[in-house]
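A short write-up of the structure that comes next.
Every number in this text was worked out from the coordinates using simple rules, so none of it is lab data. None of the values given here were measured: they were computed from a predicted structure. Backbone-built Cβ (ideal geometry, glycine too); neighbour counts: all protein chains shown.
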Amino acid sequence: QVQLVESGGGLVQPGGSLRLSCAASGLIRSINVMGWYRQAPGKERELVASISSTGSTKYADSVKGRFIISRNNANTLVYLQMNSLNPEDTAVYYCKVQTLWYGDFWGQGTQVTVSS
């Protein structure tokens, strides 16, 4: 099992920044891809960004150039730096890891609200 705990969400004004963190524990050596998803009210959960064990990254088109995903080498932390936030970024953000042998694991989610 892998346990994930997100932090860093909150209320921010349009144009502002937030940094989300996700701390992983448990079978961390089995972690391959780490990523962030989000789900807005009435919408499906969508991929925001992911980063592989080799550092290869993927971003949703809507966040390219504004968000940056990073992770530490120990597989214990993954971050999402979010800049130039707008109201369309309002959602619950979830951390997800894909392991080599044990499937996928999700965090409990953290709320991000962008509003003036």
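Rounded to the nearest 20 Debye, what is the dipole magnitude of the chain about its Cα centre when Lys and Arg each give +1 and Asp and Glu each give -1 at the C-beta?
Values: 10 positive and 7 negative charges, 45 e Å.
Rounded to the nearest 20 debye, it is 220 debye.
Expressed in nm to one decimal, what extension gain is obtained for the pair A40 and N86 from 0.36 nm per residue of sequence separation less their Cα-Cα distance?
On the way: separation 46, 0.36 × 46 = 16.56 nm, distance 1.31 nm.
Taking 0.36 nm per residue and subtracting the Cα distance, the gain is 15.2 nm.
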Candidate aspartates and glutamates - alpha carbon under 13 Å from K64, same-chain residues fewer than 8 apart omitted = D89
Quick P(r) readout (the chain; Cα-Cα; 5 Å bins; whole %) gives 2, 13, 25, 25, 18, 10, 5, 1, 0
Stretch A74-S53 to full length: gain in nm at 0.36 nm per residue minus the Cα-Cα span?
-> 6.6 nm
